[in-house]
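A.B. asks: Have a look at the structure that comes next, please.
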Amino acid sequence: MGCGSSFPDRDSRQLGRPSPENGGGDAKNLRVKLVLLGDSGVGKSCIVLRFVRGQFDPTSKVTVGASFLSQTIALQDSTTVKFEIWDTAGQERYAALAPLYYRGAAVAVIAYDITSPESFSKAQYWVKELQKHGSPDIVMALVGNKADLQEKREVAVEDGMDYAEKNGMFFIETSAKTADNINELFEEIAKRLPRPSVT
Amino acid sequence: MEGSASSSRSTSFHDFLHRMRHPSSLDLVRAIKSFIVSFSFYQPKPENDGRRVQDFFLSMEVAIRNHPLWATATEEDIDCAMEGLEKYIMTKLFSRTFAASPEDAKIDHEISEKISLLQTFLKPEHLDIPPVLHNEASWLLAEKELQKINAFKAPQEKLSTIMNCCRVINNLLLNAAMSEYVPAGADDFIPVLIYVTIKANPPMLHSNLKFIKLYRRQTKLISEAEYYFTNLVSAKTFIIELNSKSLSIDEIKFEECMQAAKLAKKVTSELHSACQIKQEVKNESNVSNKMHNKLDTREFHVLQHGTNYPYMEAESKDLAMEDVDILLNHYKDLVAKYTIICKAINYLSMSEKEPLLHQLEMQGEGSMLSECHGINTNTNDRTTSHEDKLL
């Protein structure tokens, strides 16, 4: 099963915007709360571990916990983005706790498993919930994980893409196992973040 | 790590006090004192108080940054000073700001009561904690950390007990991940934290969390600290809302366990209060003392279990009129207790009943209690005849 569990994680207190106030960094160095949501077993924690461990910048400070991780990436315009990644429990019995986590998150990554239509439905549930209760300008990414398991695919690429497009989200398929598209996911998110205006 | 964190904290606090004694800090000291005094002019109101304290921290940070005593200070020095300030202010304002409203005390009590019921039957399996994470030593360590939350007054220290507890769980998860176990992040973290919280039953959980939220310097309740803090808030929320559907447990079984736990609790508290009444009665009555002395050692061991029955060996000719009231009280009390114990035992399942009866039998009380198992109707007769014999 490989790196095979997922956890939805959401909630941050920066009111949906990476801000230089409240310790959000400055205009060139953003600190961003990213919440990770999705059913158990879609590989959420593996996506994050891949991302955090796969960055080999020795100057960046990395926090590796079991459920909270942070990682900084440098962009081409010489700005940096520090992602503080909040994992959430994906089991149904904890679903009601999710708002505690996604409150104030600037980014939500909603993951599903391309071999599991149920996990895709669950992802759509989270999208709807965030549209209702998340920060209005939250950046959302829909991630179809386990893309290496083509022969077991049950959710078509087009389905994910269409759904994401209709809901104004960024869409990508990843494989935490092969590291495919993992960095691309986070780089794309970083580009889409609203920048605080430099005054 | 924990040790070094707390030692640097106490160093910074002493350093803060030291600097505050410097003559040039007089303006700062005045500001702090007048801020503390100003609190006594208003009624306590948690949200307002929180905002005022946070605003004061911010204004003091500016004052400290511009102060000659900190002219060459690094960011770390400033931070130490602010930590010292937070600790000082919140220790001074503690009795006013902690668990300040009756509603908070009520919620604390409800959570603690519910946890004490859950403790009697909750197993890791009910939260689907995988066997690889069953580690009594780690859990105990995490519980001990969490139980310290009420031992400190400063928000930073309270918060650090939460952090330490979460780190222990984190290490448990990371160690498991180093074996063949597939790391599951928050999917594993939250259930273990909830289980540990229930085992620990940390005192005044709600009030402690609220206090940290309101009075920990806002610039410090971010990132990892905020994440773990939020996890404990979410564990608390889960426990408050917990019902049979929250657990992997049969609904009827859950209700039975909760009922049995409630009854057992009631028996304990009835026994406790009964003992207190007895004690008072005994102290007032010299007859009791007289009787007590007459008890031979064979009988006395029966009476050692917390209650005093001074008439056990009395003869009717020893009794005076004033003993009737006392005896009647004893009698009513015994009947009430006996009835409750019978009910409680009948609520237990066979598997729980047998070891309990066995244990009591070992203590020489089993025969009486196994009789009461299954008998509810003739309780009164039985006890009455017993009392009659005594009289």
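A.B. asks: Considering amide H positions built from the backbone, and no H for Pro or chain starts, which residues 5 or more places from residue A:63, or on another chain, come under 5 Å of its amide H?
C.D. replies: Placed amide hydrogens put A:70 under 5 Å from residue A:63.
A.B. asks: Report the charge-dipole magnitude of region B:102-246 in Debye, nearest 20, computed about the Cα centre from +1 at each Lys and Arg Cβ and -1 at each Asp and Glu Cβ.
C.D. replies: Here region B:102-246 has a charge dipole of around 580 debye.
A.B. asks: Another one. Which of B:90, B:163 comes first, and how do the rest follow, when ranked by fewest Cβ neighbours within 10 Å? Working shown, then result.
C.D. replies: On the way: B:90 23, B:163 19.
Result, fewest neighbours first: B:163, B:90.
A.B. asks: Putting +1 on Lys and Arg Cβ atoms and -1 on Asp and Glu Cβ atoms, find which of B:112, B:124, B:85 reaches farthest to the positive end of the dipole of region B:82-126.
C.D. replies: It is B:85, whose Cα lies furthest towards the positive end.
A.B. asks: Sticking with the crude label model, points 7 Å out along Cα→Cβ, report the distance from residue B:273 to residue B:251 in nm, one decimal please.
C.D. replies: Rounded to a tenth, the inter-label distance reads 3.4 nm.
A.B. asks: On average, how many beta carbons from a partner chain sit within 10 Å of the beta carbon of a residue in B:191-202? If you can, show how the numbers build up before the last one.
C.D. replies: Details: counts 4, 1, 2, 3, 0, 0, 0, 0, 0, 0, 0, 0.
Across the residues of B:191-202, the mean count of other-chain Cβ atoms within 10 Å is 1.
A.B. asks: Could you give me the ³J(HN,Hα) list for region B:191-205, computed from phi with Karplus coefficients 6.51, -1.76, 1.60 and θ = phi - 60°, whole Hz, x at Gly and Pro?
C.D. replies: x, 5, 4, 5, 4, 4, 5, 5, 5, 7, 6, x, x, 6, 4
A.B. asks: In whole Å, what are the Cα extents of region B:1-148 along the three principal axes, biggest one first?
C.D. replies: Principal extents (Cα only, largest first): 60, 39, 19 Å.
A.B. asks: Work out from phi, with θ = phi - 60° and the Karplus expression 6.51 cos²θ - 1.76 cosθ + 1.60, the ³J(HN,Hα) of each residue of region B:54-69, listed in order in whole Hz, and give x for Gly and Pro.
C.D. replies: 3J(HN,Hα) across region B:54-69, in whole Hz: 4, 4, 5, 4, 5, 5, 5, 4, 4, 4, 5, 4, 8, 8, x, 5.
A.B. asks: Continuing with this model, one more query. Determine the percent antiparallel among the DSSP beta bridges restricted to region A:93-199, to the nearest 5.
C.D. replies: 10 percent
A.B. asks: Taking θ as phi - 60°, what are the ³J(HN,Hα) couplings along region B:45-51 by the Karplus curve (6.51, -1.76, 1.60), each to the nearest whole Hz, with x for Gly and Pro?
C.D. replies: 8, x, 5, 4, 4, x, 5
A.B. asks: Using only atoms on other chains, find how many Cβ atoms lie within 10 Å of each Cβ of peptide A:99-112 and report the average.
C.D. replies: 1
A.B. asks: Counting only other chains, and only Cβ atoms inside 10 Å, what mean value do you get across the residues of A:28-36? All intermediate terms of the calculation are to be shown ahead of the outcome.
C.D. replies: Details: counts 0, 0, 0, 2, 0, 4, 0, 0, 2.
Per residue, the number of nearby Cβ atoms from other chains is 1 on average.
A.B. asks: Below 30 Å Cα-Cα, how many Lys pairs turn up in region B:1-116? Only count pairs eight or more apart in sequence, or on different chains, if you could.
C.D. replies: Taking the Cα cut-off of 30 Å, the pair count is 10.
All of the numbers you see were taken from the coordinates with simple rules; none came from a lab. Owing to the predicted nature of the structure, the values given are computational and were not obtained by experimental measurement. Neighbour counts are summed over all protein chains in view; Cβ atoms, including those assigned to glycine, are modelled from backbone coordinates with ideal geometry.
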